[in-house]
Amino acid sequence: MIQHVNVKVFAESPEGVDRSAALEVFQRWIRESVCEELLIDVVDYGHVPAGPGTVLVGHEANYSLDNGGNRLGLLYNRKAPLEASAEQNLAQALRAALGACRRLEQEPEFEGRLRFGPAHEIEITINDRALAPNTDDTFVSLRPAIESALAVVYGAAEFALERRGDARERLRIGVHAGK
Amino acid sequence: MKASNGLWRERLVGAMPPELAQEIDVFENELALRKRGKLDEALIAETRLRRGVYGQRYDNGQRHDGRATRKLAYPEDKPTKGPQTLWDAPGMQRIKIPFGGLTARQLETLAEIAEEYSDGIAHVTTRQDIQLHFVHIEDTPSIMRRLAAVGITTREACGNTVRNVTACPVAGVCRTQIFDVTPYAKALAYFLLGHPDAQAFGRKFKISFSGCCEEACGLAHMHDFGAIAVERDLDGKRKRGFELWVGGGLGAVPQPARLFTEFLPEEELLPVAQAMARVFARLGEKKNRNTARLKFLVSKLGIDEFRRLVAEERASLPFDKRWTEYLEHVERAGEPRLKPPSLLQIEGAASGEFTRWAATNVYPQRQRSYSTVTVTLPLGDITADQLRALAAIARRFIADTIRTTVEQNMVLRWVSDGDLPEVHAALQAAGLATPGAGTILDVAACPGTDTCKLGIASSRGLAAELRTRLATRAFQLDEAVQNLRIKISGCFNSCGQHHVADLGFYGVSRKKGDYAVPHFQVVLGGQWRGNAASYGLAVGAVPSKRVPEVVDRITGRYVGERARGESFQAFIARIGKAECRRTLEDLMEVPPHDADPSFYRDWGDPREFTIGDLGAGECAGVVVPAVEFQLAACEREVFEAQLKLEKAGIEAAAGQAYESMLHGAAALLRHRDVPFGGSPDEIVRTFRTELVETRLFWDPFRGGALSNYFFKAHEHARSVHNEEAAHQLIEEAQLFIEACHACYASMATVGVG
């Protein structure tokens, strides 16, 4: 069973984004309980190059304005297991990530500069090496569930999957949407 | 929390050293017992602390959101994992790294667990440990198993134990060392790990090793047990030993260590440490944790009496071959090196970036044409990707000679000089080539209000701000200022080691009208070198937001007014505390809230400041008498016997149940200080005469029936059991252990034992 799905949605034109604004925004998200998860605290790793950025720590999941790989994006990290199929778990993480993106785009502190765009690039990581070893076999076996979950996001638009990273990393799959 | 915890349990069988595997199984069973309500709250707290599983801010289920304190609505069907500590609240996992030594494989494992169980960051502490934050307690056994599979333990990383044994990160390659202290640090760390004589302290016990007395090295003077390498000529032979300092410590009441002996021969290192542990366990304060560190015992007794007691204890110790057997393997030739020595080529060193980095981050080793490279980690933080990159760099250029440092960095030892430009380029690609190691830019900070329950102000927020500001003008700073050190603690407990910094700061709170204002107490002129030779002067508290101005003003005065060759410490001592305070007086003012609300928020935290999130400290947990630990272990053994009856077979279950009774009886005898031999026959005999015949172990309704269960189990220990008999034995063992608890409680009530 696939659990602990991570979804990163990359930001468009991240150069003009005031990343420090995420501190205020995420604190407000806690205050207003805007997510379905229990939100606990905000941690700032802005000082770490290519790091986790600003992390909104939750009980069931974390949200972060992540700068891993020196690429700004919204990262949803599902921590609590769900009693559902692989496809449903993937769909849940995608929904949560994209919902957070839409909300971030509206936050006034970002002054309209944080955009995720309609043809976004997504990266899916399975954050558990025991459940999903980073192998071709795992990728092949997961592919139908990923495609099925992504079909809900992209509708009729085409998309391509690409396995990323070296063998020491977690299973990481890039998703590029077609025009 | 992780769905894969069961998989790791199965997958790593046989991959871990057996003693670590067993230790982790024990802990996992203790967690299971707590979830069933069968292990006391204080016991589970101290039990997890002894495995490095620490509490974290807001784990009492409350958090101030900037306007009001609100409840964090965790699921309510769980037990606590300590007093006022909710089961599901994230916590911290501290990982002991003795003398900071790491391998490439270990870095990769740390990367894996940081991203799978934590927030993707591994944090290097001021004691060469690694910490992971926001970890769920139910994942900790998996973390421990994965670490154990690469030779790392978290055992005794927290709690009232011997903490991580630290050592100079350049030991063995240092130009000023007397000899390499690494094998001694390693031997003592593993000798005392889990040692029975080091389990009943009232507080933690910190050990460090230094290769020389002039440099900062192991910071011997701020340790409970600080050993500095020395050599002497004895009987015409050069003999290794240690200048031993004891009873030092920072904390709220800093105290420099006292000289225990000018020369402790190397073969006496382990037995004297063991004897000292016994004295500390026997005579150290247990009830008031504020006066329970060794420094208070040494002060109370006086160093001469303390020395006499340790010598007396040493003389009574039964011989242990481990005291000296490691000396045969002390590798005097040093560590493995991957590359042959080579010279740095001028063309490779031409770039300005390389030159700036090399000036602060490359240390030429005592071995010609080799260098140690410091990897500067901002605030001690390194990402999982960076850990993997560093592992790859280490494999390419060195032979597993990586260490963490107490300045929250890592070092790569044995880099062949000709490789330095390539190492720099590889580090640069990984975002790990920041220059400024060991300079004013290299600010050290404890976790503070980011994650610590005791944090008052944001030490990391301030450290990040100072780093950013200083970095913009790093190379315009006067050289005398560049070489100063800044260290920041979130409260007076000194985890950031502010007392031994040139410019130290610790978090405090001040009231202004109806508001709380984050402040930092300014501590000036502490001495890092000379093994933390002296502590700084507290000159007053300034609002957090004005600390950058404090740094500018004090360093400005130093540059402008210092005498030729005058050190910062000498300058501060010369102008005095009153003048230092006068210099900062206007910066101590706080504008009204309406005029500048930014003063009422801390660095990196937009919430209105409050101290309402402070929690109870877990630094040492609570003091749990050894007998309670031992009886809790017996309960766990009975529980394991039940599991074995289902899975491993009847005889294994019966054997385990019998063992639990033996251990319960032995625990009570130990508690009464009754000498007894280690064999089962001797335990039974002594138990009968000392506890049953004296009617100390006596049930008011059932008389001696419960002890008879034990005697019967002993009598039939070698018999073959059927399932029914094994089941009955387990039931009787459970009753016997409960009777042991009752006996202990009764002894405590009547003052016996």
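Expressed as a rounded percentage, what relative contact order does region B:371-435 have, with Cα pairs under 8 Å and six or more residues apart?
On the way: 81 pairs, mean separation 29.7, N = 65.
The normalised contact order for region B:371-435 reaches 46 percent.
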For this session: Please work out how many pairs of lysine residues in region B:444-608 are eight or more positions apart (or on different chains) and have Cα atoms closer than 23 angstrom.
Result: 8
Problem set entry | Long-range amide H partners of B:V230 with built H, under 5 Å | B:G241, B:F242, B:E243
Problem set entry | A:R113/B:E566 FRET efficiency (R0 45 Å; Cβ-Cβ; nearest 0.05) | 0.35
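Quick one: which of A:74-84, B:421-431 comes out on top by average Cβ neighbours within 10 Å, and what's the full order, highest first? Let's see the in-between values first.
Values: A:74-84: 20.5, B:421-431: 18.3.
Packing order, densest peptide first, comes out as A:74-84, B:421-431.
Mind ordering A:12-18, B:453-459 by average Cβ neighbours within 10 Å, highest first?
On the way: A:12-18: 13.1, B:453-459: 27.3.
Order by mean packing, descending: B:453-459, A:12-18.
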Problem set entry | J(HN,Hα) series, region B:516-521, from Karplus relation 6.51 cos²θ - 1.76 cosθ + 1.60, nearest Hz, glycine and proline x | 8, 10, x, 10, 10, 6
Exercise. Per 5 Å bin from zero, what fraction in whole % of the C-alpha pairs of region B:626-750 is there, up to the bin with the longest pair?
Worked result: 2, 12, 24, 24, 20, 11, 5, 1, 0
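Can you compute the FRET efficiency between B:Y190 and B:L259 using 1/(1 + (r/R0)^6), with r the Cβ-Cβ distance and R0 = 25 Å? Round to the nearest 0.05.
Rounded to the nearest 0.05, the efficiency is 0.40.
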For this session: For every helix of n ≥ 4 consecutive DSSP H residues, a contribution of -39,500 (n - 2.57) applies; sum these over chain A, divide by its total residues, and give [θ] at 222 nm rounded to the nearest 500 deg cm²/dmol.
Result: -10000 deg cm²/dmol
For this session: Using the Karplus curve 6.51 cos²θ - 1.76 cosθ + 1.60 with θ = phi - 60°, work out ³J(HN,Hα) for each residue of region B:226-238 in order, rounded to whole Hz, and write x for Gly and Pro.
Result: x, 10, 10, 4, 9, 10, 9, 8, 10, 6, x, 10, 7
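Would you compute, from DSSP H runs of 4+ residues alone, the mean residue ellipticity of chain B at 222 nm, taking -39500 (n - 2.57) per run and dividing by the full residue count, rounded to the nearest 500? Walk me through the intermediate numbers first.
Working: 23 runs with 287 residues, N = 753.
The helix-only estimate for chain B comes to -12000 deg cm²/dmol at 222 nm.
Work out the count of Lys pairs in region B:5-148 where the Cα-Cα distance is under 26 Å, with the pair 8 or more places apart or on different chains. Working shown, then result.
On the way: B:K35/B:K71; B:K35/B:K78; B:K35/B:K81; B:K38/B:K78; B:K38/B:K81; B:K71/B:K81; B:K81/B:K96.
Pairs that pass both the separation and distance tests number 7.
Set the Förster distance to 41 Å, then compute FRET efficiency between B:E41 and B:R105 from the Cβ-Cβ distance, nearest 0.05. Mind dumping the intermediate values first?
Details: r = 38 Å, r/R0 = 0.92.
The formula returns an efficiency of 0.60 here.
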For this session: Relative to the longest principal axis of the C-alpha atoms of chain B, give the angle of the C-alpha long axis of helix B:568-584, reported between 0 and 90° and rounded to the nearest 10°.
Result: 90 degrees
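I need the shape label for region B:5-148. Rule: rounded when a/c is under 1.5, else prolate if a/b > b/c, else oblate, with a, b, c from the alpha carbon gyration tensor.
oblate
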For this session: Give me the distance in nm between label points sitting 7 Å out from Cα along the Cα-to-Cβ direction at B:L301 and B:R582, one decimal.
Result: 4.7 nm
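Once fully extended, how much extra length lies between B:E723 and B:R67, figured as 0.36 nm per residue of separation less the alpha-carbon to alpha-carbon distance?
Working: separation 656, 0.36 × 656 = 236.16 nm, distance 6.18 nm.
This chain segment gains 230.0 nm when fully extended.
I want the local charge near B:F242. Using Cβ-Cβ distances under 12 Å, sum +1 for each Lys or Arg and -1 for each Asp or Glu among the other residues. Working shown, then result.
Numbers: positive: B:R232, B:K239, B:R240; negative: B:E231, B:E243, B:E262, B:E266, B:E267, B:E268.
Computed value for this residue: -3.
Please give the average number of partner chain Cβ atoms lying within 10 Å of the Cβ of each residue in A:51-58, rounded to a whole number.
Numbers: counts 11, 8, 1, 1, 5, 0, 6, 2.
For peptide A:51-58, the averaged partner shielding equals 4.
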For this session: With a cut-off of 12 Å, note down the residues of region B:433-449 whose backbone N falls inside the zone around a label point 7 Å from the Cα of B:R356 toward its beta carbon.
Result: B:434-436
Problem set entry | Bins of 10 Å, starting at 0 and running to the largest distance - Cα pair percent for the protein assembly as shown | 2, 11, 20, 24, 21, 14, 7, 2, 0
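Across peptide B:113-122, how many C-beta atoms of other chains are within 10 Å of each residue C-beta, on average?
Values: counts 1, 0, 9, 7, 3, 1, 9, 13, 6, 0.
Whole-number average of other-chain Cβ neighbours for B:113-122 is 5.
When each pair of different Cα atoms in region B:444-608 is counted once in the 1/r mean, what is the Kirkwood radius in angstroms, to one decimal?
About 15.9 Å for region B:444-608.
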For this session: Place +1 on the Cβ of every Lys and Arg and -1 on the Cβ of every Asp and Glu in the protein assembly as shown, take the dipole about the Cα centre, and give the residue among A:Y154, B:I393, B:G704 whose Cα lies farthest towards its positive end.
Result: B:I393
Exercise. Given labels modelled 7 Å from the Cα in the Cβ direction, how far is it in nm from B:I346 to B:Q22?
Worked result: 6.4 nm
Exercise. Other chains near B:15-26: what is the mean number of their Cβ atoms within 10 Å of each residue's Cβ?
Worked result: 0
Seminar exercise, completed: Expressed in µm² per second, the diffusion coefficient of chain B from the Stokes-Einstein equation, with Rh the Kirkwood radius over alpha carbon pairs, at 4 °C and 1.567 mPa s, is 47 µm²/s
For this session: Considering Cα pairs under 8 angstrom that are at least six residues apart, work out the relative contact order of chain B and quote it in whole percent.
Result: 11 percent
For this session: Note the angle between two axes, namely the Cα long axis of helix A:86-106 and the longest principal axis of the Cα atoms of chain A, as a number of degrees from 0 to 90, rounded to the nearest 10.
Result: 20 degrees
Problem set entry | Cα point-scatterer Debye curve for region B:4-46, base-10 log of I(q)/I(0) at q = 0.30 Å⁻¹ | -1.00
For this session: Based on other C-beta atoms within 10 Å, arrange B:S544, B:S371 from fewest to most.
Result: B:S371, B:S544
For this session: Search the structure for amide H atoms under 5 Å from the amide H of A:D41, placed 1.01 Å from N in the peptide plane, and list their residues when 5 or more places away or on another chain.
Result: A:V57
Problem set entry | Estimated inter-spin distance, B:R308 and B:A425, nm [label 7 Å along Cα→Cβ] | 6.8 nm
For this session: Return one number: the angle in degrees, 0 to 90 and rounded to the nearest 10, between the long axis of the Cα atoms of helix B:303-316 and the longest principal axis of the Cα atoms of chain B.
Result: 40 degrees
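Can I get the semi-axes of region A:5-177's equivalent ellipsoid? Compute them from the C-alpha gyration tensor as square roots of 5 times the eigenvalues, in angstrom, largest first. Show your work: numbers first, answer last.
Values: eigenvalues 128, 60, 52 Å².
Output for region A:5-177: semi-axes of 25, 17, 16 Å.
Bear in mind these aren't lab numbers, they're just calculated from the coordinates by the rules spelled out. Quick caveat: nothing in here was measured; it's all calculated off a predicted structure. Reconstructed Cβ throughout: ideal geometry from the backbone, glycine too, with neighbour counts over all protein chains shown.
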